[in-house]
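**Student:** Got a structure for you, questions after.
The values are calculated or read from the model by the stated rules, or taken from the named source; none is laboratory data. Being a predicted model, the structure only gives us computed values, none of them experimental. Cβ placement follows ideal geometry from the backbone for every residue including glycine, while neighbour counts extend to all protein chains displayed.
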Amino acid sequence: MYEVELKVRAGHDRVRERLDGIDAESMGTVTQVDTYYDHPVRAFAETDEALRIRRETDGSDEHTKITYKGPLVDADSKTREELETGVNDGETMASVLESVGFDPAATVEKTRERFGYGEYVVTLDTVEGLGEFVEVETEAEEIDPARAGAVDVLERLGLDPDEGIRTSYLGLLLDDG
């Protein structure tokens, strides 16, 4: 299964109006704190992989997941294999990773306002240190039709898919730093 994602830098006010106009369904707002880890013998920046622990807060509920993201597999989007599972105790998981040689590399903090539109999730991201972005994503077995659908959603929102950003928020923060 692939996560097929398109991301553009865009202000949120105009996009919210467009989302209302296409009857997208609000899925709520969450805050996320992602801690990325360096592999002890492999440079994830060079292999285009990522390992992170995500702490997500929705109101008073907090959920933690660990995610592995494989290298990008598509030249026109941020499509990659993604393996993710829940973790009962994020602090213990962090200790496990550090005990076997993984080092915390960086943290990305963001607020995400999510909307459902058909099989796609449209996310309005405000990323600390970077600003506002819009992501359109879905999970799919076939990349090309999923990417074409994401392009259509971006265009319905008045956004230009040609302005897509394939770099992760982590990469963007590290490039700015």
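**Student:** Cβ-Cβ distance below 9 Å, separation of 6 or more or different chains: which pairs start in the stretch 147-158 with a residue that is within 11 Å of GLU137 (Cβ to Cβ) and small (Gly, Ala, Ser) and end on one that is in a helix (DSSP H, G or I) and modelled with pLDDT of 95 or more?
**Tutor:** Every condition considered, the pairs that remain are ALA150/PRO161.
**Student:** OK, next. ASP125 is checked against (1) among the acidic types (Asp, Glu); (2) surrounded by 15 or more Cβ atoms within 10 Å (Cβ to Cβ); (3) in a helix (DSSP H, G or I) and fails just one. What number does that condition carry?
**Tutor:** Evaluating ASP125 over (1) among the acidic types (Asp, Glu); (2) surrounded by 15 or more Cβ atoms within 10 Å (Cβ to Cβ); (3) in a helix (DSSP H, G or I) leaves (3) as the failure.
**Student:** Would you list the strands (runs of 3 or more DSSP E) that sit entirely within the stretch 1-118 and hold 2 or more residues that are in contact with a strand residue (DSSP E or B) (Cβ under 9 Å, 6 or more places away or on another chain) and basic (Lys, Arg)?
**Tutor:** Values: elements: 2-9, 25-38, 50-58, 61-72, 80-87, 103-117.
By residue number, 2-9, 50-58, 61-72, 103-117.
**Student:** Output the residue which, of all residues in the stretch 73-84 that are surrounded by 14 or more Cβ atoms within 10 Å (Cβ to Cβ) and more than 13 Å from the chain's Cα centre (by Cα), is modelled with the lowest pLDDT.
**Tutor:** This residue is ASP76.
**Student:** Cβ-Cβ under 9 Å, sequence separation 6+ or interchain: first residue in the stretch 112-126 and touching a residue at least 24 places away in the same chain (Cβ under 8 Å) and among the polar types (S, T, N, Q), partner buried (at least 18 other Cβ atoms within 10 Å of the Cβ) and in a strand (DSSP E or B). Which pairs?
**Tutor:** THR126/LYS110; THR126/ARG112; THR126/GLU113; THR126/PHE133
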